[in-house]
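Undergrad: Dumping the structure here so I can ask a few things about it.
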Amino acid sequence: MKFFVDTANLNQIKEANDLGILDGVTTNPSLMAKEGVKGEEAIMNHYKTICEMVDGDISAEVLSVTFNEIIEEGKKLAAIHPNIVVKVPMIKDGIKAIKWFTDNGIKTNCTLIFSAGQAILAAKAGATYISPFLGRIDDSGWDGVQLIEEIAQIYAVQGFKSEILAASIRNPNHIIRCAAAGADVCTCPLDSILGLLKHPLTDIGLAKFLEDAKKM
Ligand code: E4P
């Protein structure tokens with residue numbers, strides 16, 4: 001399973017990248033706004049900086065919702081760097097645009113997936129990645145990981161090539177369950193990635209080893 005970090009914060013991206021296990025980055029308009037990135041030039045420069053920091057796929061989300069505008073915006077984003085993946089919302093014009101990008105060699109990430117039906121449509125359009133938002137499904141009282149399992153099963157049976165990018169991760173346990181459920185990628189907040197490191201018995205064991213090492 002590939003690890004992406006889900007943030008537009010450059011310090012967090014650097015910290016995740018320095019671990020040596022990072023395969024890419026996802027952003028969205030909310031994450032970009034949180035970092036104060038404003039205006040077309042600043043947005044383009046921010047994506048360029050991320051591409052120069054991380055050697056992996058970088059999702060950049062379109063802000064348009066009509067076919068022609070999505071295509072124009074997506075072409076501009078894709079021109080920033082070969083690693084840019086154009087992130088397109090799961091709407092009718094989005095599906096049409098994903099098919100166009102697929103036919104024209106531009107990688108896509110179909111975002112805001114909340115059902116297996118949406119995942120099938122996105123795969124049919126040739127999306128490189130599809131992003132089920134499992135945390136938001138959990139928040140609304142359903143089981144997000146169950147959706148990952150269902151999509152993984154459908155894709156295996158049908159031979160769909162889109163990669164399942166588990167998104168809206170809330171904690172380390174989500175990452176573990178996504179790995180078991182067959183997600184190809186998990187995009188996580190830095191805290192959830194670092195949470196995988198933690199176990200109290202590791203801390204107790206290390207403290208004892210370091211104590212005993214003084215007697216060596
Ligand atoms: C995915 O690409 C999105 O950026 C993200 O995972 C959404 O997560 P949230 O539900 O925490 O906003």
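The values are calculated or read from the model by the stated rules, or taken from the named source; none is laboratory data. What you see is a predicted model, and the numbers here were worked out from it, not measured in a lab. When we count neighbours, we look across all protein chains shown, and the Cβ atoms used for this are built from the backbone with ideal geometry, even at glycine. Protein only, heavy atoms only, side chains kept; ligands, DNA and RNA dropped before computing areas. Shrake-Rupley method; radii C 1.70, N 1.55, O 1.52, S 1.80 Å.
Undergrad: With a 10 Å radius around each residue's Cβ, average the other Cβ atoms per peptide and rank 181-190, 47-56, highest first.
TA: 181-190, 47-56
Undergrad: Evaluate Rg over Rh across the chain, taking Cα atoms for both radii and Kirkwood's formula for Rh.
TA: Rg divided by Rh gives 1.04.
Undergrad: Where the centre of each part is set by its Cα atoms, how far does region 21-82 sit from region 140-216, in angstrom?
TA: Region 21-82 and region 140-216 have Cα centres spaced 25 Å from each other.
Undergrad: List the residues, sorted by chain then number, that are 5 or more residues from Tyr129 or on another chain and whose placed amide H is less than 5 Å from its amide H.
TA: Placed amide hydrogens put Thr108, Asn109, Cys110, Glu163 under 5 Å from Tyr129.
Undergrad: Within the set of other residues whose C-beta is less than 15 Å from the C-beta of Pro89, count the net charge using Lys and Arg as +1 and Asp and Glu as -1.
TA: Value of the local net charge: +1.
Undergrad: To the nearest 10 square angstrom, what accessible area does Ser64 show with a 1.4 Å probe?
TA: Approximately 20 Å² of Ser64 is accessible to the 1.4 Å probe.
Undergrad: Would you kindly find the accessible area of Ser192, with a 1.4 Å probe and non-protein molecules such as ligands, DNA and RNA excluded, rounding to the nearest 10 Å²?
TA: My reading of the accessible area for Ser192 is about 10 Å².
Undergrad: From the phi angles alone, apply the Karplus equation (6.51, -1.76, 1.60; θ = phi - 60°) to region 74-88 and give each ³J(HN,Hα) in whole Hz, x where the residue is Gly or Pro.
TA: Listing the rounded values in order: x, 5, 5, 5, 5, 6, 5, 6, x, 8, 5, 10, 7, 8, 10 Hz.
Undergrad: Another question, then. Can you compute the charge dipole magnitude of region 143-216 about its Cα centre, using +1 on each Lys and Arg Cβ and -1 on each Asp and Glu Cβ, nothing else charged? Give it in debye, rounded to the nearest 20.
TA: 300
Undergrad: Given a 1.4 Å probe and heavy atoms of the protein chains only, how would you sort Glu61, Glu211, largest accessible area at the top?
TA: Glu211, Glu61
Undergrad: Also, quick follow-up: Can you sort Trp142, Trp100 by 1.4 Å-probe accessible area, starting with the largest?
TA: The residues order as Trp142, Trp100, largest area first.
Undergrad: Relative to the Cα centre, what is the charge dipole magnitude of region 69-216, using +1 at the beta carbon of each Lys and Arg, -1 at the beta carbon of each Asp and Glu, and rounding to the nearest 20 debye?
TA: The dipole magnitude comes to about 260 debye.
Undergrad: Report the relative contact order of the chain, percent, no decimals, based on alpha-carbon pairs under 8 angstrom and at least 6 residues apart.
TA: 17
Undergrad: Using only helices, what value at 222 nm comes out for the chain when you add -39,500 (n - 2.57) per DSSP H run of length 4 or more and divide by the total residues, to the nearest 500 deg cm²/dmol?
TA: Calculated mean residue ellipticity at 222 nm is -15500 deg cm²/dmol.
Undergrad: Still on this structure, please answer the following. Hey, which of these cross-link pairs are over 29 Å Cα-Cα: Lys2/Lys208; Lys76/Lys124; Lys34/Lys161; Lys107/Lys198?
TA: Lys2/Lys208; Lys34/Lys161; Lys107/Lys198
Undergrad: Any idea what the relative contact order of region 98-216 is, in percent, if you count C-alpha pairs under 8 Å spaced at least 6 apart?
TA: Here the relative contact order equals 20 percent.
Undergrad: Which aspartates and glutamates, if any, have their Cα less than 15 Å from the Cα of Lys87, not counting same-chain residues under 8 positions apart?
TA: Asp6, Asp57, Glu61, Glu69, Glu72, Glu73, Glu163
Undergrad: Compute log10 of I(q)/I(0) for region 11-93 with the Debye formula, placing one identical point scatterer on every Cα and leaving out solvent, at q = 0.11, 0.12, 0.26 Å⁻¹, to two decimals.
TA: -0.29, -0.35, -1.38
Undergrad: With a 1.4 Å probe and every protein chain left in place, tell me how much accessible area Arg170 has, in Å² to the nearest 10.
TA: Answer for Arg170: close to 110 Å² accessible.
Undergrad: Also: Hey, could you get me the Stokes-Einstein D for region 46-144, Kirkwood radius over alpha-carbon pairs, 4 °C and 1.567 mPa s, rounded to whole µm² s⁻¹?
TA: Rounded to a whole number, D works out at 94 µm²/s.
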